[in-house]
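*Asks:* First the structure, then my questions, so here it is.
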Amino acid sequence: MDTDADQITKTELLAWLGARRRQVAEQFQAMPAEARRHSQVPSGWTARGLVRHLALDVERVWFRAVMAGEQVELPEGYAGWTAPDDVSDEELLELYGNECEQANAAIADLSLDAPPVWWFEGAGHAPYTTLREVLLHVLVETATHAGHLDICRELVDGGQRLVLDEP
């Protein structure tokens, strides 16, 4: 039988997510600026596109739109993965930081058992049924992409980061 002490809290989940968000920003900043604009992998995504994807397709979609029901502008198709050339790296990091802050604010008053309030028209039901599941999904996705940036950084300049930090 689970007790309250056995349950992870929203504060703990957000702390772990915050650590992965910082890892994304740190690895992005540690990469040479020119390397952020060029793909290091066969699929073609760039570090700039990955940061924009996390801001718009992950933070904005899952927390602000799906969980809080905010009517926000969402990218279509692959557009979230594309960072416009005229947007600076600093602006992309600012976008990501702002979306993370707005995401936290959007779910601040929701319980971990809160259901999604919106899902894409014509796409069936949302794949997750609670804020807890959405937080876990976003945590895993952010950690995965942070790892992608780690590898790209190492390919570009040999920089290595041993991830041992906790929130």
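The values are calculated or read from the model by the stated rules, or taken from the named source; none is laboratory data. Just so it is clear, the model here is predicted, and its values are computed rather than measured. Positions of Cβ are backbone-derived with ideal geometry, glycine not excepted, and every protein chain shown enters the neighbour counts.
*Asks:* Can you tell me which residue in the stretch 46-74 is surrounded by the most Cβ atoms within 10 Å (Cβ to Cβ), limited to those that are without any contact (Cβ under 8 Å) to a residue 40 or more places away in the chain and of a type outside the set (Gly, Ala, Ser)?
*Replies:* Out of the qualifying residues, it is 61.
*Asks:* Here are the criteria: (1) modelled with pLDDT of 95 or more; (2) over 20 Å from residue 140 (Cβ atoms). Tell me which single one residue 55 does not satisfy.
*Replies:* Among (1) modelled with pLDDT of 95 or more; (2) over 20 Å from residue 140 (Cβ atoms), residue 55 violates only (2).
*Asks:* Being β-branched (Val, Ile, Thr) and either out of contact with any Phe, Trp or Tyr (no Cβ under 7 Å at 6 or more places or on another chain) or in a loop (DSSP other than H, G, I, E, B) (or both) is the filter here; which residues of the stretch 95-107 pass it?
*Replies:* None - no residue of the stretch 95-107 is β-branched (Val, Ile, Thr) and either out of contact with any Phe, Trp or Tyr (no Cβ under 7 Å at 6 or more places or on another chain) or in a loop (DSSP other than H, G, I, E, B) (or both), so the list stays empty.
*Asks:* May I ask you to say which residue of 92, 110 is in contact (Cβ under 8 Å) with a residue 12 or more places away in the chain, part of a helix (DSSP H, G or I) and surrounded by 13 or more Cβ atoms within 10 Å (Cβ to Cβ)?
*Replies:* Going through 92, 110 in turn, just one is in contact (Cβ under 8 Å) with a residue 12 or more places away in the chain, part of a helix (DSSP H, G or I) and surrounded by 13 or more Cβ atoms within 10 Å (Cβ to Cβ): 92.
*Asks:* Taking the conditions exactly as written (touching a residue at least 24 places away in the same chain (Cβ under 8 Å), closer than 19 Å to residue 93 by Cβ and touching a Leu at 6+ places or on another chain (Cβ under 8 Å)), does residue 24 satisfy them or not?
*Replies:* Taking the combined requirement at face value, the residue satisfies it.
*Asks:* For residue 158, all conditions in the list (1) more than 23 Å from residue 96 (Cβ to Cβ); (2) at pLDDT 95 or above hold save one; what is the number of the exception?
*Replies:* (2)
*Asks:* With the stretch 1-80 as the region, which helices (runs of 4 or more DSSP H) entirely inside it contain at least 2 residues that are basic (Lys, Arg)?
*Replies:* 10-30, 47-53
*Asks:* Quick check on residue 28: is it farther than 16 Å from residue 135 by Cα and either over 17 Å from the mean Cα position of the chain (by Cα) or at pLDDT below 95 (or both)?
*Replies:* Judged against the criteria, residue 28 is not a match.
*Asks:* Could you please find all residues in the stretch 123-156 being touching a residue at least 24 places away in the same chain (Cβ under 8 Å), farther than 18 Å from residue 51 by Cβ and in a helix (DSSP H, G or I)?
*Replies:* Answer for the stretch 123-156, where residues must be touching a residue at least 24 places away in the same chain (Cβ under 8 Å), farther than 18 Å from residue 51 by Cβ and in a helix (DSSP H, G or I): 131, 132, 134, 135, 136, 137.
A quick yes/no check of all residues on (1) charged (D, E, K, R); (2) in contact with a helix residue (DSSP H, G or I) (Cβ under 9 Å, 6 or more places away or on another chain):
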| position | (1), (2) |
| --- | --- |
| 91 | yes, no |
| 97 | no, yes |
| 119 | no, yes |
| 122 | no, no |
